[in-house]
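Take a look at the structure below.
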Amino acid sequence: MIRLVPRTENSAAWQLATPLLAVLATMVAGGTLFAIMGHDPFAAIRTIFWDPIFGAASGYSRPQLLVKAAPLILIASGLAIGFRAGIWNIGAEGQYIIGGVTGAAVALAAYPAEGMWIFPAMVLAGALGGWAWGMVPALLRNWFGASEILVSLMLVYVAQKVAAWMAFGPMKNPEGFGFPGSRNLQQYPAAANPELVAGTGAHWGVVAAAVAVLATWFLMSRHIRGFHIRAAGLAPRAARFAGVRPQTLVAFCLGLSGALAGMAGLFEAAGPAGQITDKFGTGYGFTAIIVAFLGRLHPVGILLAGLLLALTYIGGELAQLTLQLPAATVQVFQGMLLFFLLGFDLLTRFRIARRITA
Amino acid sequence: MIDPLSVFLLLVAAATPILFAALGELVVERAGVLNLGVEGMMIAGALSGFAAAHATGNPFVGFLAAAVGGAAISLLFALLTQVLLANQVASGLALTLFGLGLAALFGKPLEGIKAPSMTAGPLGISWIVWLGLAMVPLIWWFLNRSRAGLILRGVGENHDAAHALGYPVHLVRGAAIAFGGAMAGVGGAFISIATVLQWTEGMTAGAGWIALAIVVFSNWTAVGVLAGAWLFGGVTVLQLRLQAAGIKVPVQLLSMAPYLATIIVLVLISARQKFSRRAGGAAPGSLGQNFHALR
């Protein structure tokens, strides 16, 4: 028989190894699933993980990697900070949607003015919108002790309704021939978030994601606030004795992750999506949770995990086109990935030993 | 003039999916486990139930299959948290994301099919609604009057003490999780088989999360869960009535009502629990914490 012995400190080696193991296990389990569904598992795995970068159509799909990874990394960078402190913002999807709506609102109000100030103002409005949406669960937790998990999640559904209301009501394009949805911001130069370097897919959101990775790394490893966050997550009682105020951390973590998610929403609304529709939220806020865990809540890990999850999105689309795999395949893959990661994490925290029989 | 009885019956029916899911989660949380995967288990039940009902033409077989489907997917959560000792919050989220994806994947061929019709029970409402109502006293009795319920509560209040007394903590929790999965599955199937009458992707639309909030609202009692579910059912019916009455408020804003009501209720009840003498209300002592026996 075997038994589990808790490690005094998490194993650094396993901490690096488990995400890789989880990806491998997901490929195996995913392949098995495809085989059951009657597809060639090897072709499917190659289409999802290899072809987007090295395949025949990679000229189109490679730039998409940054387009999809940017919002994931931007959102996950913020979420990871809260997760480190045991503050669970799982409503990033709602903050993302609201950020897109408030940012687009600035552009639509300014239309058709031209000016250098418009795009920065939109970014600011998007961040503020996401921040405000994130502060609701923060304040309700601080004032009344309401669970930030449930409140932030409920607000995702409210945000989806807000986006739908905007698309059918106040933000509806007056020249849109009656179709729901706002004006297309890509066709409004002062507000558009275009590809900055042709052929790379890099728009301002990619720049922001890179800055976010650096800034969160600095915050978490070099700044006193980051130390407080880590202390609060590891030993809440000890942190309180050291003068860390939990309420400040709740407001900081939810506000910051909300602002980053809101910015991600704006970059999407002004760039790849182009407009606010009732289907503006596509699940980046939820996938970012997986990105944060797969990246071990570390900025560099999140960067890599964001690129990997972006790959599954693009590969999933490719597999839809070439192999007629359903769109939900990607979602299943992402869910499996988190399952395997959490499961293998046992090895990070425990040592497996032979049971000593008396 | 609106017949008050018929409105009440509408309310009771609208509350049924949440009632099942929240009663199941109540038992899970009383065993000390926080399973945030209710939404995923509900959608799994909605799909497996609908598929079985469609295949056999018998809605009751569908509900049975929904219970099995919900319990089956909940065992993934049990494996993660009870055997592999993974974080409960993260595992529950994973269950929800995975369940939504899996249901969307396997539900594709069922889209656009109509559910088989169901024979109504007394007062013209479904037997499943009656079953849900019957579960309230049953679960109350189980938790408060039965020996097994006492053990379950003991495991939830203090897993170390329960282990010291020789009770199998992980086994009790695993069984509670499976029961919660089965209940959530039936709740989800009520949406697909008895309410919407077809399968659509993501059709549970947050009902699982509302159920989680209702468990907090209930102060971890079966009667409280019933009250919370009816409150939610009332808001839903009111909102639909206002939509039908053609009130001058956009539909999208009206349909926010259930979610906003859930937040408000959650805030009120959390405030009461926060400012009352007993900190944390009646939440089980070991809620959300994993158990690992060193000896």
Hits in the stretch B:75-130 - residues which are hydroxyl-bearing (S, T, Y) and either within 23 Å of A:G233 (Cβ to Cβ) or surrounded by 18 or more Cβ atoms within 10 Å (Cβ to Cβ) (or both): B:T81, B:S91, B:T96, B:S126
Residue match in the stretch B:122-137 (condition: among the small types (G, A, S), touching a Leu at 6+ places or on another chain (Cβ under 9 Å) and within 23 Å of B:S48 (Cα to Cα)): yes
Test: residue in the stretch A:213-223 that is of a type in the set (S, T, N, Q) and within 26 Å of A:A76 (Cβ to Cβ): yes
A:G283, sole failed condition from (1) within 14 Å of another protein chain (Cβ to nearest Cβ); (2) closer than 12 Å to A:Y96 by Cβ; (3) surrounded by 22 or more Cβ atoms within 10 Å (Cβ to Cβ): (3)
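Does B:A162 satisfy being buried (at least 19 other Cβ atoms within 10 Å of the Cβ), in contact (Cβ under 8 Å) with a residue 12 or more places away in the chain and assigned to a helix (DSSP H, G or I)? First the steps, then the outcome.
Numbers: buried (at least 19 other Cβ atoms within 10 Å of the Cβ): yes; in contact (Cβ under 8 Å) with a residue 12 or more places away in the chain: no; assigned to a helix (DSSP H, G or I): yes.
In short, no.
Please go through the stretch A:83-110 and give me each residue that is in a helix (DSSP H, G or I), of a type outside the set (D, E, K, R) and out of contact with any Phe, Trp or Tyr (no Cβ under 7 Å at 6 or more places or on another chain), ordered by number. Talk me through it step by step, then tell me what you get.
Within the stretch A:83-110, the subset in a helix (DSSP H, G or I) is A:83-84, A:92-110.
Within this subset, residues satisfying the condition of being of a type outside the set (D, E, K, R) are A:83, A:92, A:94-110.
Within the stretch A:83-110, A:F83, A:A92, A:G99, A:V101, A:T102, A:G103, A:A104, A:A105, A:V106, A:L108, A:A109, A:A110 qualify.
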Neighbours by Cβ (under 6 Å, 6+ apart or cross-chain): first from the stretch A:336-347, at the interface with chain B (Cβ under 7 Å from one of its Cβ atoms) and under 16 Å from B:L97 (Cα atoms); second of a type outside the set (G, A, S) and outside any helix (DSSP H, G or I): A:G343/B:L84
Helices (runs of 4 or more DSSP H) within the stretch B:1-118 that include 3 or more residues within 14 Å of another protein chain (Cβ to nearest Cβ), at negative phi and without any contact (Cβ under 8 Å) to a residue 40 or more places away in the chain: B:88-107
Filter result (buried (at least 24 other Cβ atoms within 10 Å of the Cβ), farther than 21 Å from B:G156 by Cβ and modelled with pLDDT of 90 or more) within the stretch B:202-242: B:A207, B:W209, B:I210, B:A229
Subset tally (residues that are assigned to a helix (DSSP H, G or I), within 12 Å of another protein chain (Cβ to nearest Cβ) and out of contact with any Phe, Trp or Tyr (no Cβ under 8 Å at 6 or more places or on another chain)) for the stretch B:235-267: 7
Qualifying residue in the stretch B:216-225 (condition: closer than 30 Å to B:L105 by Cβ, within 13 Å of the chain's Cα centre (by Cα) and within 14 Å of chain A (Cβ to nearest Cβ)): no
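Between A:L185, A:L124, which is surrounded by fewer than 19 Cβ atoms within 10 Å (Cβ to Cβ), away from chain B (no Cβ under 14 Å) and closer than 22 Å to A:G94 by Cα? First the steps, then the outcome.
Working: A:L185 fails: surrounded by fewer than 19 Cβ atoms within 10 Å (Cβ to Cβ).
Among A:L185, A:L124, only A:L124 is surrounded by fewer than 19 Cβ atoms within 10 Å (Cβ to Cβ), away from chain B (no Cβ under 14 Å) and closer than 22 Å to A:G94 by Cα.
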Complete set of residues in the stretch B:42-64 that are buried (at least 24 other Cβ atoms within 10 Å of the Cβ) and within 19 Å of the chain's Cα centre (by Cα): B:M42, B:I43, B:A44, B:G45, B:A46, B:L47, B:S48, B:G49, B:F50, B:G62, B:F63
Complete set of residues in the stretch A:300-332 that are surrounded by fewer than 24 Cβ atoms within 10 Å (Cβ to Cβ) and farther than 28 Å from B:K108 by Cα: A:V300, A:G301, A:L303, A:L304, A:L307
When residues of the stretch B:243-267 are limited to those that are within 20 Å of A:M166 (Cα to Cα) and of a type in the set (V, I, T), the one modelled with the highest pLDDT: B:V251
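What do you reckon, is B:R272 basic (K, R), out of contact with any strand residue (DSSP E or B) (no Cβ under 9 Å at 6 or more places or on another chain) and either within 14 Å of another protein chain (Cβ to nearest Cβ) or surrounded by 19 or more Cβ atoms within 10 Å (Cβ to Cβ) (or both)? Even if it seems obvious, please write down each step before you answer.
On the way: basic (K, R): yes; out of contact with any strand residue (DSSP E or B) (no Cβ under 9 Å at 6 or more places or on another chain): yes; either within 14 Å of another protein chain (Cβ to nearest Cβ) or surrounded by 19 or more Cβ atoms within 10 Å (Cβ to Cβ) (or both): yes.
Yes.
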Members of the stretch A:197-233 found to be buried (at least 16 other Cβ atoms within 10 Å of the Cβ), not aliphatic (A, V, I, L, M) and not in a helix (DSSP H, G or I), listed by number: A:G201, A:H203
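Which members of the stretch A:141-166 meet the condition of being among the small types (G, A, S) and either in a loop (DSSP other than H, G, I, E, B) or within 7 Å of chain B (Cβ to nearest Cβ) (or both)?
Narrowing the stretch A:141-166 to residues among the small types (G, A, S): A:145-147, A:152, A:159, A:163-164.
Of everything in the stretch A:141-166, those that are among the small types (G, A, S) and either in a loop (DSSP other than H, G, I, E, B) or within 7 Å of chain B (Cβ to nearest Cβ) (or both) turn out to be A:G145, A:A146, A:S147, A:A164.
The values are calculated or read from the model by the stated rules, or taken from the named source; none is laboratory data. On a predicted model such as this, the values are computed, not experimentally measured, just so you know. A quick note on method: Cβ atoms are made from the backbone with ideal geometry, for glycine too, and the neighbour counts reach across all protein chains shown.
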